[in-house]
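This report concerns only the one structure given below.
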Amino acid sequence: MEQERKCNETGCNGDCSNCSSAKQEPESFIEAPNKYSKIKNVIGVVSGKGGVGKSMVTAMLAVLMSRKGYKVGILDADITGPSIPKMFGINSRAKMNDKGILPEVTAGGIKIMSCNLLLENPDAPVVWRGPVLAGAVKQFWTDVFWDEIDFLFVDMPPGTGDVPLTVYQSLPIDGAVIVTTPQDLVSLIVKKACNMANMMNIRVLGMVENMSYVKCPDCGKEFEIFGKSNFNELCSEMQIMPLGRMPIDTKLTELCNEGEFEKFYASYLEDAANMIETAYNK
Ligand code: ADP
């Protein structure tokens, strides 16, 4: 319709090859970040389904990159299920200065913005419609004074609906890390999330399988409690790089519960962090 209108206005002769109207790029909805912030790389952590460990993977990658000496932030775009502040023991409210809303900073120096830092009562449910949820995520990008960040990890809203769509369209996501668990139902939905990233022309950096197995603390034997992993097959089918498998590790859950996530020492995602570092060290 738009093209037809332009053709009528410009006196179209039917030959599109030399027509400037026909050559216009599709409109970009990408928002400019807060004007005092300089954010080098934005990595989305994605899963089609909630509860698979997207926040766990986001937090772990953020800590690993911070330990490598990078300036790291986490934008918690999972507005209805925000778990990032609790994992890092943050329960204060965000403040503002003349440059914007200030992210809270963890003990290890990671900057965090989440809707739980803005709510008067962190237990209050966020009963907002899609456009309002998406608007809040956009504001975490446009109104938060992130200052200088090498890697901003975005804990993406789960699913493939309105909110993740707006996030993909509004934030300049440089790459996506997909999180799955070894269950057919999850793989099915994760495929949708991968295909959505591809449709939005987002580079998929690789996939992590979470909750892959449990290791017996006594004998060291690994049990695949969700059934046999199909991770490698799924990665080859989707043509995605496998970034690592992470077991169910109760030490991680304890650290999350205690708000001491930065104290973890586990090497499950070290390869993933190295790969991200290599991919973005321009
Ligand atoms: P999502 O962000 O996909 O909704 P979360 O990262 O919040 O999922 O994880 C859901 C729950 O499972 C949380 O309580 C988290 O602590 C726990 N969890 C996730 N991954 C692991 C793991 N590898 N080991 C132990 N607990 C985990």
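The values are calculated or read from the model by the stated rules, or taken from the named source; none is laboratory data. These numbers were taken from a predicted model, which means no experiment stands behind them. Neighbour counts are summed over all protein chains in view; Cβ atoms, including those assigned to glycine, are modelled from backbone coordinates with ideal geometry. We work out accessible area using only protein heavy atoms, side chains counted, and drop any ligands, DNA or RNA first. Shrake-Rupley method; radii C 1.70, N 1.55, O 1.52, S 1.80 Å.
Candidates 128, 166, 112 compared by Cα position along the dipole of region 40-188: farthest toward the positive end lies 112, with charges placed on Cβ. When a/c is below 1.5 the answer is rounded, else prolate if a/b is larger than b/c, else oblate, so apply that to region 201-244 with a ≥ b ≥ c taken from the square roots of the Cα gyration tensor eigenvalues. Here region 201-244 falls in the prolate category. Put a dot 7 Å past the Cα of residue 35, heading toward its Cβ, do the same for residue 195, and the two dots end up 4.3 nm apart.
Summary value for region 171-249: 34 percent relative contact order, contacts being C-alpha pairs under 8 angstrom separated by 6+ residues.
Annotation: peptides 179-192, 230-243, 42-55, 133-146, ranked by per-residue average of other Cβ atoms within 10 Å with the highest first, follow the order 42-55, 133-146, 179-192, 230-243. Approximating the spin labels as points 7 Å out from Cα along Cα→Cβ, the residue 148-to-residue 27 distance works out to 3.7 nm.
Using the 1.4 Å probe convention, the accessible area of the chain works out to 51 Å² per residue with neighbouring protein chains retained. Taking the chain as a Gaussian network of alpha-carbon nodes connected by springs under 10 Å, the highest mean-square fluctuation of the residues 173, 30, 84 belongs to 30.
From the P(r) of the chain, could you give the percentage of C-alpha pairs in the tail past 32 Å? Percentage above 32 Å: 28.
By accessible area, using a 1.4 Å probe on protein heavy atoms only, the chain has 51% of its surface on carbon and sulfur. Over 25 Å between Cα atoms, which of 38/192; 111/138; 111/215; 111/263 qualify? From the list (38/192; 111/138; 111/215; 111/263), the Cα-Cα distance tops 25 Å for 38/192; 111/215. Under 20 Å of direct C-alpha separation, and excluding same-chain neighbours fewer than eight residues apart, residue 95 reaches these aspartates and glutamates: 76, 104, 120, 123, 143, 147, 148. If you average the alpha carbon positions of region 52-97 and of region 164-229, how far apart do those two centres end up, in angstrom? For region 52-97 versus region 164-229, the Cα centre distance is 18 Å.
Highest average first, the peptides 69-77, 118-126 ordered by how many other beta carbon atoms sit within 10 Å of their residues are 69-77, 118-126. The convex hull around the C-alpha trace of region 192-282, projected and averaged over every direction, spans 8.0 square nanometres.
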